[in-house]
Amino acid sequence: MIDWKKIDTVLLDMDGTLLDLNFDNHFWKEFVPLKFAERQGLSIDAAKLQLQPRFKSMEGKLEWYCLDYWSDVLELDIVGLKAEISGLIAVLPHVTEFLEKAHQSPKKVYLVTNAHRGSLGLKMEKTCLQAFFDDIISSHDLGIPKEHADFWRLLQQRVPFEKQTTLLIDDSLAVLNSARQFGITHLISVSRPDTQLPKKEITAYPAIEDFRELMAGL
């Protein structure tokens with residue numbers, strides 16, 4: 001799938017790529033509505049009806065990923081709530097073996113995520129993956145989410161990379177589309193970002209179900 005001799009830089013998403021998206025799906029779809037319902041004196045169904053359009057309206061915007069924003073508008077301690085269920089944070093199968101090999105190679109390896117620093121810190125504390133990366137960049141550091149092509153231009157100013165020799169692995173098709181628009185050559189999706197859900201059929205990009213599929217030749 002990848003000729004590793006052509007790759008100098010590896011950009012890796014976090015949630016749904018390295019980490020099981022089940023944590024985030026459960027948090028936003030079930031746990032936050034539960035806590036919002038308790039605070040507002042609503043049924044869970046009523047809370048979900050209120051929250052779903054609010055969440056939908058922020059998709060693709062930096063605010064969607066900003067824990068401070070949601071703490072303010074929902075009047076909930078979002079960072080604290082994430083910590084409450086942090087036992088659900090899990091590394092996807094064979095990710096650690098892949099990261100070990102990539103880290104031992106001469107390639108530069110960067111974690112590039114839309115996750116807010118509050119969530120990022122919690123997840124690195126739980127998984128201890130930070131040692132494998134040359135740098136960790138949150139879109140909040142750059143002020144623009146990965147769904148926008150300008151994100152990659154700003155990223156390139158922070159961590160220089162050549163578009164033709166860079167690989168991005170991300171479970172978001174919107175993010176892969178923006179990276180392609182910017183000109184990053186090697187793009188791979190993830191077909192099973194949430195281990196509790198069925199594998200997704202992806203046709204727009206090459207897709208892996210787990211990282212063993214990429215380890216040959218690394």
Criterion (in contact with a Leu (Cβ under 8 Å, 6 or more places away or on another chain) and of a type in the set (A, V, I, L, M)) met by exactly one of Ala83, Ala37, Ala115: Ala83
Any pair with Cβ under 8 angstrom, 6 or more apart, that starts in the range 181-197 at a residue that is crowded, with 17+ Cβ neighbours inside 10 Å and ends at one that is aromatic (Phe, Trp, Tyr) and assigned to a loop (DSSP other than H, G, I, E, B): Leu187/Tyr205; Ile188/Tyr205; Ser189/Tyr205
Residue check, Ile184 under 23 Å from Ala90 (Cα atoms) and modelled with pLDDT of 95 or more: no
Single condition Glu201 does not satisfy, out of (1) outside any loop (DSSP other than H, G, I, E, B); (2) surrounded by fewer than 15 Cβ atoms within 10 Å (Cβ to Cβ); (3) acidic (Asp, Glu): (1)
Cβ-Cβ under 8 Å pairs, at least 6 apart or on other chains, the range 114-139 side more than 10 Å from Lys82 (Cβ to Cβ) and part of a loop (DSSP other than H, G, I, E, B), far side aromatic (Phe, Trp, Tyr) and at pLDDT 95 or above: Phe133/Tyr110; Asp134/Tyr110
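If you take just the helices (runs of 4 or more DSSP H) that sit entirely in the range 1-82, which of them hold at least 1 residues that are of a type outside the set (Ser, Thr, Tyr) and farther than 28 Å from Asp141 by Cβ?
Numbers: elements: 22-26, 32-40, 44-58, 67-74.
Once the helices (runs of 4 or more DSSP H) in the range 1-82 are filtered for at least 1 residues that are of a type outside the set (Ser, Thr, Tyr) and farther than 28 Å from Asp141 by Cβ, what remains is 32-40, 44-58.
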Flag if Lys48 is in contact (Cβ under 8 Å) with a residue 60 or more places away in the chain and farther than 30 Å from Ala216 by Cβ: no
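The values are calculated or read from the model by the stated rules, or taken from the named source; none is laboratory data. Bear in mind the structure is a predicted one, so any value in this text is a computation, not a measurement. Glycine gets a Cβ as well: all are built from the backbone with ideal geometry, and neighbour counts include every protein chain shown.
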